[in-house]
Amino acid sequence: MAIAAELLAAYAATDFVVFDGAERWALHVGVASPRVDALLERHGADSATVVTAFNPRSRVLSPDANAARHRALVELLEERKLPFLLGEGRDPSGQWTPETECIVFGISLAEGLEIARRFDQNAIVFIERGKAPRLEFPEG
């Protein structure tokens, strides 16, 4: 399934806000950051994946439906004993409602894509120490 250029641009422009203790700060696709590397180091990981369960395939669901999907994602991560922080994907233009997300530490790209497929997501953000966060796609 091809993703429309407009949707890809929106994903790339998103502020991926990390709820890092008392701090809130954003990581961005294509922008390497010492702060991202420090986050990975604090969590003993060389990589992380930002994933949401909200709005599968970019179809807007009700707040209750999205909350239920997020709970299912959290339950899956807890079952797998995967460390994570919460975050929020925010549209800097304010046109889209923010989406609750999880920043999952120490998982492979393949595992991140598997979780994305499970929750019908078009994309994830994959983070590796020393590199810029990048979009990855579970389908073709």
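The values are calculated or read from the model by the stated rules, or taken from the named source; none is laboratory data. A quick note: this is a predicted structure, and the numbers were derived from the prediction, not measured. We place every Cβ from the backbone using ideal geometry, glycine too, and count neighbours over all the protein chains shown. Only protein heavy atoms, including side chains, enter the accessible area calculation; ligands, DNA and RNA are left aside. Shrake-Rupley method; radii C 1.70, N 1.55, O 1.52, S 1.80 Å.
Looking for whichever is surrounded by 16 or more Cβ atoms within 10 Å (Cβ to Cβ), over 19 Å from Pro138 (Cα atoms) and in contact (Cβ under 8 Å) with a residue 24 or more places away in the chain here; the options are Val51, Val74, Val36, Val29. Which one fits?
So the residue among Val51, Val74, Val36, Val29 that is surrounded by 16 or more Cβ atoms within 10 Å (Cβ to Cβ), over 19 Å from Pro138 (Cα atoms) and in contact (Cβ under 8 Å) with a residue 24 or more places away in the chain is Val36.
Which of the residues spanning segment 104-121 are assigned to a loop (DSSP other than H, G, I, E, B) and in contact with a Pro (Cβ under 8 Å, 6 or more places away or on another chain)?
Answer for segment 104-121, where residues must be assigned to a loop (DSSP other than H, G, I, E, B) and in contact with a Pro (Cβ under 8 Å, 6 or more places away or on another chain): Gly106, Phe119, Asp120, Gln121.
So in segment 54-71, with the set limited to residues that are in contact (Cβ under 8 Å) with a residue 40 or more places away in the chain and at negative phi, which one is least open to solvent (accessible area, probe 1.4 Å)?
Within segment 54-71, the match that is least open to solvent (accessible area, probe 1.4 Å) is Pro56.
Quick one: in segment 77-98, which of the residues that are farther than 16 Å from Pro133 by Cβ and of a type in the set (Asp, Glu) is most open to solvent (accessible area, probe 1.4 Å)? Let's see the steps before the verdict.
Within segment 77-98, the subset farther than 16 Å from Pro133 by Cβ is 77-83, 86, 91, 93-98.
Subset that is of a type in the set (Asp, Glu): 78-79, 91.
Values: Glu78: 111, Glu79: 138, Asp91: 41 Å².
Here the answer is Glu79.
Considering only residues of segment 114-128 that are under 11 Å from the mean Cα position of the chain (by Cα) and within 25 Å of Glu41 (Cα to Cα), which is surrounded by the most Cβ atoms within 10 Å (Cβ to Cβ)?
Here the answer is Ile127.
Is it fair to say Asp20 is closer than 17 Å to Ile103 by Cα, in contact with a helix residue (DSSP H, G or I) (Cβ under 9 Å, 6 or more places away or on another chain) and at pLDDT below 95?
It is true that Asp20 is closer than 17 Å to Ile103 by Cα, in contact with a helix residue (DSSP H, G or I) (Cβ under 9 Å, 6 or more places away or on another chain) and at pLDDT below 95.
Would you be able to tell me the number of residues in segment 129-140 that are surrounded by 14 or more Cβ atoms within 10 Å (Cβ to Cβ) and either touching a Ser or Thr at 6+ places or on another chain (Cβ under 6 Å) or assigned to a loop (DSSP other than H, G, I, E, B) (or both)?
Residues in segment 129-140 being surrounded by 14 or more Cβ atoms within 10 Å (Cβ to Cβ) and either touching a Ser or Thr at 6+ places or on another chain (Cβ under 6 Å) or assigned to a loop (DSSP other than H, G, I, E, B) (or both): 5 in total.
Pairs needed: first member in segment 83-109, touching a residue at least 24 places away in the same chain (Cβ under 8 Å) and closer than 13 Å to Val50 by Cβ; second member anywhere, assigned to a strand (DSSP E or B) and of a type in the set (D, E, K, R); C-beta distance under 6 Å; at least 6 residues apart or different chains.
Listed by first residue and then by second, the contacts come to Gly87/Glu101; Gly89/Glu99; Gly89/Glu101; Arg90/Asp15; Thr100/Glu88.
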